[in-house]
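Data first, discussion second: the structure below is written as structure tokens.
The values are calculated or read from the model by the stated rules, or taken from the named source; none is laboratory data. Remember, predicted model here, so these are calculated numbers, not experimental data. Cβ: placed from backbone, ideal geometry, glycine included. Neighbour counts: every protein chain shown. Accessible surface is based on the protein model in full, side chains and every heavy atom, while ligands, DNA and RNA are left aside. Shrake-Rupley method; radii C 1.70, N 1.55, O 1.52, S 1.80 Å.
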Amino acid sequence: APPDQAYTIIGVVRDAKYLDLRETPPRTIYLNAFQERSMFVNELALKTSGRPAAVTDEVRRIVREELKTVSIARVTTMDDLIDASVVSERVIATLSAFFGGLGASLAALGLYGLLAYTVTRRTNEIGIRMALGATRAHVSRMVFKGALGLVCAGLVIGVPLGVLSRRAATRIVTDLSVESLW
């Protein structure tokens, strides 16, 4: 707008983010695009109390009747815009969940394999214990006690390492999500 052009302030709005949810809101003024002849309108925001899809046809009809030179190319809801802006975070979260599940499955498979190997190696010992009067419950308890020892050792080592590596993982994920937006 020309520097000598005077405008009347009719309202003040809160800060708005346009391209990214993490951006610093830019300084912005809103002008009535339909009263300014030199303005080019490429987006129109409409707030509705109901479902946006329910008013789309009516808005198209009103724009077609009142503004014959303006055409509506595309209608998008705010939910769709927000969903599109967090795609990279969703992909990273989905991949993290997938690899977390894969890691848990591999850990369970490894634990099963180690337990099976241990039981196979102790077959003679288990046979001798059963011959001397040990019950199935006693032998099962002995095997599960060994498995529980392995699980506890893994937790004692794994939980502190997981907590310590959280900061590095957060930094990597943040860097990936910021880079993917540009």
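Side notes on the structure shown:
- Translational diffusion of region 91-165, µm² s⁻¹ [Kirkwood Rh, Cα pairs; Stokes-Einstein; 20 °C; 1.002 mPa s]: 146 µm²/s
- Thr120, Thr56, Thr8, ranked by accessible area, largest first (probe 1.4 Å): Thr8, Thr120, Thr56
- For Pro25, net neighbour charge (Lys/Arg +1, Asp/Glu -1) across residues whose Cβ lies under 15 Å away: +1
- Taking all protein chains as they are arranged and a probe of 1.4 Å, the heavy atoms of Arg171 leave approximately 130 Å² accessible to solvent.
- Per residue accessible area of the chain, 1.4 Å probe, in Å²: 88 Å²
- Here the chain is treated with +1 on each Lys and Arg Cβ and -1 on each Asp and Glu Cβ, and its dipole about the Cα centre works out to around 1260 debye.
- Across the accessible surface of region 17-136, with the other protein chains kept in place and a 1.4 Å probe, carbon and sulfur atoms take up 60 percent.
- Per residue of the chain, the DSSP helices (runs of n ≥ 4 H) give a summed -39500 (n - 2.57) that works out to -21500 deg cm²/dmol at 222 nm.
- Scattering from the chain was approximated by placing one identical point on each alpha carbon and applying the Debye formula without solvent; log10 I(q)/I(0) at 0.08, 0.14 1/Å stands at -0.59, -1.02.
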